[in-house]
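Okay, structure first, notes after.
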Amino acid sequence: MTDFPDIPLGAEDRELADGVRAGARRAVAKAITLVESVKPEHQKRAAALLDHLLPDTGKAMRLGITGVPGVGKSTFIEALGLDLIARGHRVAVLAIDPSSSVTGGSILGDKTRMEQLSMREEAFIRPSPSAGSLGGVAEKTREAMLICEAAGFDVIIVETVGVGQSETTVAGMTDCFVLLQLPNAGDELQAIKKGVVELADIVVFNKADLDPVAAERAAGQMRSALAMLRPASDHWQPPVLSVSAARRTPTGIPSGNAMADFWATVERHRQALTESGELAAKRRHQARAWMWQLIDAGLRSRFRRQPAVAAELPKLTEAVAAGTTTPAAAAKRLLELPGHAYDNLKFD
Ligand code: GDP
């Protein structure tokens, strides 16, 4: 329980919490569904549940993975997941797919992905929540991550595609952020231009089997590019690896120890950040930023729901678009409407 246990847990949800803590995958799925629900009643229950589970969270290795569609994310994650399970870990895979919230279609989330991994008791795979904005989706994914941690999954992988802000979002909720790249000329330039490379703690060139020479060349170029960037940490210079996630043995684990090498790198990163105190600082910073994101989102939605604002907003939005009023004047007017959002803020 936290220091502010203001929300009681109902009997049904107490049972759900026990199920989660026991690591039951059905309970985990049910708890995440509750968290993802937009119904106010469910949100209250979800808040109480999370509050209750909080002491059991925070112990997992939180890994973010990004890369363009087709780079091999699901192939890589499945191979990594199977390898980790073989070495005694329990692995949860969550996805943030910004495309699903914008278009209703999904680049990441179909169920046929990671078939072998999804059949394992020691794995839990959850596609992206589809409702709401990216902010909302990210919020739900963070909460899903906590539930998985409370259920004893000791490795949480959050996967995303490089659309919009999603990479920054995932880097902002994980301990180690991995960029998967294709060894195509120009691909690394694009990632550098977009600023994704600066977020990466580890860069991996996948599909090295297709053209090993090109993969080595691309890795070399990436190393030079990274050497020129100011590293985000004083204690870690992002390494560049190349792997072939698709070259599997019958157990589903790639031959040649690719995943073991990758995981050893992840563990070295964790050790460097733990010893320097950076991991704890990073998580504190992420928790504060998350709180402010929730406050911003809450204020914004309450502001929009104010009757005076709801009445004025369409007109003023039009006027700003037409250039007949300035954005600053319109914003000032909305913020100063009587019966205003912040005068009498009601939290429900
Ligand atoms: P995602 O969209 O990033 O999740 O990519 P997928 O994991 O679905 O992979 C896209 C395609 O690339 C699939 O046909 C995979 O079989 C193939 N693929 C993935 N990794 C490798 C690899 O290391 N080598 C080769 N040759 N193909 C791969």
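The values are calculated or read from the model by the stated rules, or taken from the named source; none is laboratory data. A quick note: this is a predicted structure, and the numbers were derived from the prediction, not measured. Cβ placement follows ideal geometry from the backbone for every residue including glycine, while neighbour counts extend to all protein chains displayed.
Report the residue count in region 302-326 for those that are within 16 Å of Leu337 (Cα to Cα) and assigned to a helix (DSSP H, G or I). Total meeting the criteria: 15.
All conditions but one from (1) of a type in the set (A, V, I, L, M); (2) more than 16 Å from the ligand (Cβ to nearest atom); (3) within 28 Å of Asn184 (Cα to Cα) apply to Ala79; the one that does not is (2).
So that you can scan it fast, the table gives a plain yes or no per residue for (1) within 13 Å of the ligand (Cβ to nearest atom); (2) at pLDDT below 70:
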position: Val91; (1), (2): no, no
position: Leu94; (1), (2): no, no
position: Val102; (1), (2): no, yes
position: Ile107; (1), (2): yes, yes
position: Arg113; (1), (2): yes, no
position: Ser118; (1), (2): no, no
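Against the numbered list (1) part of a helix (DSSP H, G or I); (2) within 20 Å of the chain's Cα centre (by Cα); (3) away from the ligand (no atom under 16 Å from the Cβ), Leu49 comes up short only at (2). For region 259-300, taking the residues that are acidic (Asp, Glu) and under 22 Å from Thr57 (Cβ atoms), the one that is modelled with the highest pLDDT is identified as Glu267.
Going by what's in this entry, would Phe303 be described as under 26 Å from Met173 (Cβ atoms), over 24 Å from the mean Cα position of the chain (by Cα) and free of Cβ contacts under 8 Å to residues at least 60 places away in the same chain? In short, yes. Any residue in region 210-218 that is surrounded by fewer than 15 Cβ atoms within 10 Å (Cβ to Cβ), within 16 Å of the ligand (Cβ to nearest atom) and part of a loop (DSSP other than H, G, I, E, B)? Yes, the conditions are met somewhere in region 210-218.
Is region 28-39 home to any residue that is within 14 Å of the ligand (Cβ to nearest atom) and assigned to a helix (DSSP H, G or I)? There is no residue in region 28-39 that is within 14 Å of the ligand (Cβ to nearest atom) and assigned to a helix (DSSP H, G or I).
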